[in-house]
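First comes the structure, then the notes that go with it.
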Amino acid sequence: MSSPPDTREALVIGAGLSGSAVAHSLAVRGWAVTVLDQAPGVGAGASGLPAGLAAPHVSPDDNVLSRITRAGVQATLQRAQALLHSGTDWALSGVLEHNLAGKRRLPATCADQHSTPASPAQIAAAGLPQGTPALWHAQAGWIRPRQLVAAQLQTPGVQVRWGQQVQGIARRGDAWAVTDAQGQTLGQAPWLVVACAFDSLALLQPLPGFAVPLNPLRGQVSFGHMADLTEGQRQLLPPFPVNGHGSFISGVPTPEGPPGWFIGSTFERNCEQAPVREEDHAANQVRLATLLPALGEAMAGQFGPDLVQGWAGLRCTLPNRLPAVGPIDRARLPGLCLSTGMGARGISLAVLCGELTAAWLNHEPLPLPESLAKHLAAERFVRA
Ligand SMILES: Cc1cc2nc3c(=O)[nH]c(=O)nc-3n(C[C@H](O)[C@H](O)[C@H](O)COP(=O)(O)OP(=O)(O)OC[C@H]3O[C@@H](n4cnc5c(N)ncnc54)[C@H](O)[C@@H]3O)c2cc1C
């Protein structure tokens, strides 16, 4: 097959965190980008999550995942700073990690000055007993993914077409064409980026040699309104998000607008649908009681069916917890790229993955060392 022509024109399938990040990164480099999504508007997939965390992973040997998430969180926070409103869309709040199993250890020679043992004052502010093992991530915070998606899609040079369900992908001459269920052409471009999470598998599986092992992982977050909390419950709320066994965030707008509290999330493998389930609220209640025991006890009454709300979505995962990004197989599928498999870290990784894809397509220096970029490359799955 011939290489794609040097035309700076791309189609992106999927308008979640992954697709909108790729579209933004290409458009700011002067590309004309069309994004197609089957949904009527922003937030249909996992990126409809009401609120989540951008926080680094740490490990004693500062492993590949730790180094990549640190770079990813930095990229996301910079993007949020540039495009979003602090306080309503996101906040650089810092995140306290309750080190429950004691397995999250900082590297001995700390490459990252932003993650440190939590101070006694921070542990007290979280309402945890002194001596609780905990880390403090200063370069971390909460984000409302929908706001980031919407802002990235507004980049000049990005055109979004909603209500476009892609069912087929085929090479036509020097271009990739995408079609709907009736075989009608929805779009055509020399470069095609597939960013539709687990649905990417059904679209790409028929192509020769495609072997990226994508899996669905359902999750549910439970949330409620701050206005429904008693004064006593409010006094126990930590002034920053806490993660560890799941994560707890408070004081962040709910999808309806008024500020709320959020605890998540459940993990359910081999489930391709994402209904909200009563039993998942119970699991999240246990999660809160483990993460922040005093608050969990005080808030037990907030999980009743008249107060608690739920949101569920499908994460798309890969076995090593790292996404699959960029060209899929330059020799056999020229011009075809992927940006998916963000797993439980799309907020922390999608912006970096968008920049990486754009750098590859635009023949630029990569935004992270080659030794790390190769662990994200979709091409790592090419069969010999
Ligand atoms: C409960 C839960 C909690 C989470 N918490 C966090 C967190 O705290 N921090 C964090 O970093 N991450 C978190 N995540 C993960 C994060 O939400 C995801 O990694 C991220 O949203 C994935 O973005 P995406 O763009 O790859 O996929 P999606 O947001 O799922 O977007 C895929 C898009 O593709 C479209 N699409 C699908 N098929 C087609 C088709 N055939 N044609 C056209 N369009 C199509 C869909 O409509 C959708 O808009 C959480 C996820 C869940 C479920």
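Computed values, structure above
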{"read-out": "Relative contact order of the chain, defined on C-alpha pairs under 8 angstrom at six or more residues apart (%)", "value": "24 percent"}
{"read-out": "Spread of Cα-to-Cα distances over 5 Å intervals beginning at zero, given as percent, for region 74-200", "value": "2, 8, 12, 13, 12, 11, 10, 8, 8, 8, 5, 3, 1, 0"}
{"read-out": "Listed residue (56, 124, 44) projecting farthest to the positive dipole end of region 20-142, Cβ model", "value": "56"}
{"read-out": "Globularity index of region 54-93, i.e. its alpha-carbon radius of gyration over 2.2 N^0.38 Å", "value": "1.33"}
{"read-out": "Computed lengthening from residue 159 to residue 6, 0.36 nm per intervening residue step minus Cα-Cα distance", "value": "53.0 nm"}
{"read-out": "Largest-first principal axis extents of the Cα set of region 30-121 (Å)", "value": "47, 30, 26"}
{"read-out": "Kirkwood-type radius of the chain, with distances r between different C-alpha atoms, in Å", "value": "21.3 Å"}
{"read-out": "Two-site FRET efficiency, residue 332 against residue 202, from Cβ-Cβ distance with R₀ of 22 Å, rounded to 0.05", "value": "0.70"}
{"read-out": "Acute angle (nearest 10 degrees) that the helix 346-361 long axis makes with the longest principal axis of the chain, alpha-carbon atoms", "value": "20 degrees"}
{"read-out": "Computed magnitude of the charge dipole of region 90-221 (debye, nearest 20; Cβ of K, R +1, Cβ of D, E -1)", "value": "140 debye"}
{"read-out": "Calculated log₁₀ intensity ratio I(q)/I(0) where the Debye formula runs over C-alpha points of region 323-363, q = 0.34 Å⁻¹", "value": "-1.13"}
{"read-out": "Proportion of all alpha-carbon pairs of region 204-288 beyond 21 Å (%)", "value": "44 percent"}
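Laboratory data are not the source of any read-out in this text; all were calculated from the coordinates shown. Treat the numbers as computed from the prediction; the structure is a model and nothing was measured. Positions of Cβ are generated from backbone atoms using ideal geometry, with glycine treated the same way; all protein chains shown enter the neighbour counts.
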